[in-house]
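A.B. asks: Below are the structure tokens for one structure; questions will follow.
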Amino acid sequence: MILNHSSAHGRPLTFECLSGFVLPSKPNESLASILLRKLSNAGDAGDSIQLPVQFCLEVIRLWDSCRKEGCVRVTYLFPIPTSLELSFVETTFN
């Protein structure tokens, strides 16, 4: 998962790198802070699979926000979502 992912061998963890980036629409909150906030609200005590699913959806949403707001410099840090994943997000959450 992204919490233990590095974009290249010998580079800092992706999550650490995300702390150095912000979205133009949220200049006072780093991308890492956005994900931490989302992670703290994710999950369902009755369904343990919901936490990783919801977190992955938030990572995809954040990647899409970066793309839409022109923050392409940061998108290399994310594992690239497939078109199927993006279609799922657009269908489900738009």
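The values are calculated or read from the model by the stated rules, or taken from the named source; none is laboratory data. Computed from a predicted structure; not experimentally measured. All Cβ positions, even for glycine, are placed from backbone atoms using ideal geometry, and neighbour counts span all protein chains on display.
A.B. asks: Hey, can you tell me all the residues within segment 1-27 that are modelled with pLDDT under 75 and assigned to a strand (DSSP E or B)?
C.D. replies: Passing the criteria: only S6.
A.B. asks: Next up: Among the helices (runs of 4 or more DSSP H) contained in segment 28-94, which hold 2 or more residues that are modelled with pLDDT under 65 and of a type in the set (D, E, K, R)?
C.D. replies: 83-93
A.B. asks: Scan segment 24-47 and report the pairs whose first residue is closer than 10 Å to E58 by Cα and whose second residue is at pLDDT below 95, with Cβ atoms within less than 6 Å and a gap of 6+ or a chain change.
C.D. replies: K38/E58; L39/F55; A42/L51; A42/Q54; A42/F55
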